[in-house]
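Heads up, the thing below is written out as structure tokens.
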Amino acid sequence: MPFGEQPAYLRVAGDLRRKIADGTLPPRTRLPSQARIRAEYGVSDTVALEARKVLMAEGLVEGRSGSGTYVRERPVPRRVIRTGYRPAGEVGPFRQEQADERVSGTWESHSDQEEAGPVIAERLRIKEGERVMRTRYLFRVDGEPSMLSTSWEPLAITGRTPVMLPEEGPLGGRGVVERMAAIDIVVDNVLEEVGARPGLAEEMLALGGVPGHTVLVIERTYRAGGRPVETADVVVPADRHHAVYHLPVR
């Protein structure tokens, strides 16, 4: 569509976006008021308001109560480097989810038993309602929330074994591959599928972001002989992370 045929609010939003990108409107600068946008672009109050909504939805600006709308500080994205399983040394959950050796971090976790819903049952190839162990992780880098991960393991496999709780017992925190090996299950395949969606309110609250802003979701499943033994959703804010894959050439 030619530029001149764009709806007025997109034309205004596009010009303001360009000014943010080229530094004309640097971070922490107040966005032009609705009245100024209306006068500068020759548009109505409704168009000016819709243009500001577009920029806010894109995460380029943020509203401050009683103060106005300001250009957001754009974070330098961290690289979430995915290299698959590495057998050397202890593989804790942070290293399992973030393979960049230059990054150090901490995590907290909590495990509960629950019944598998239809989506998780399909991913684990079990019947809906079967018992699974769900473990939720919050990862931090330099003290700042960086990543969420929720994993599910069939209790038909791990129940009543020393590795039933991923972060407790003799192999607590050692990662899926080593824990499964301890109960004579050999993990031979890891599948990851990457998607994007709006962040849920509770996710963004934990990650220090804005509800509705885009997150990357890495859906990971470990398999042994074709049988899924663990599946997980890894969630990171898209404006703070790039997913980088190192794929071996055979």
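When only alpha carbons are used to place a centre, region 18-70 and region 139-205 end up 42 Å from one another.
For the chain, the longest principal axis of the alpha carbon atoms and the long axis of helix 45-57 meet at an angle near 30°. Which of rounded, prolate or oblate describes region 201-250 when judged by the alpha-carbon gyration tensor and an a/c cut-off of 1.5? Here region 201-250 falls in the oblate category.
To the nearest ten degrees, helix 8-21 and the longest principal axis of the Cα atoms of the chain are 70 degrees apart. Applying 0.36 nm per residue to the separation of Ile183 and Thr106 and subtracting their alpha-carbon distance, the gain on full extension is 25.0 nm. Under the simplified labelling scheme, the Val119-His242 pair shows an inter-label distance of 2.8 nm, with each label point 7 Å from Cα along Cα→Cβ. Of the two radii for region 124-210, the radius of gyration is 1.01 times the Kirkwood radius, both from the alpha carbons; that is the Rg over Rh value. Carbon and sulfur together cover what percent of the accessible area of the chain at a 1.4 Å probe radius? About 52 percent, which is the carbon plus sulfur part of the accessible surface. Taking other residues whose beta carbon is less than 12 angstrom from the beta carbon of Arg36, and scoring Lys, Arg as +1 and Asp, Glu as -1, yields +1. Descending by average beta-carbon neighbour count within 10 Å, the peptides 143-156, 30-43 line up as 143-156, 30-43, the highest first. When peptides 159-167, 47-55 are sorted by average Cβ neighbour count within 10 Å, with the highest value leading, the order is 47-55, 159-167. Set against the labelled values (1) 1.05; (2) 1.27; (3) 0.93, Cα Rg over 2.2 N^0.38 Å computed from this structure falls on (2).
Helix-only arithmetic for the chain: the sum of -39500 (n - 2.57) across DSSP H runs with n ≥ 4, divided by the residue total, places the mean residue ellipticity at 222 nm at -7000 deg cm²/dmol. Label-to-label distance for Glu192 and Ala39 is 5.2 nm, based on points extended 7 Å past Cα in the beta-carbon direction. Accessible surface for region 120-250, divided over its residues, is 50 Å² per residue with a 1.4 Å probe.
The values are calculated or read from the model by the stated rules, or taken from the named source; none is laboratory data. From a predicted model like this one, the values you see are computed outputs, not experimental measurements. Glycine also receives a Cβ, built like all others from the backbone with ideal geometry; neighbour counts cover every protein chain displayed. Accessible surface areas use protein heavy atoms only, side chains included; no ligands, DNA or RNA. Shrake-Rupley method; radii C 1.70, N 1.55, O 1.52, S 1.80 Å.
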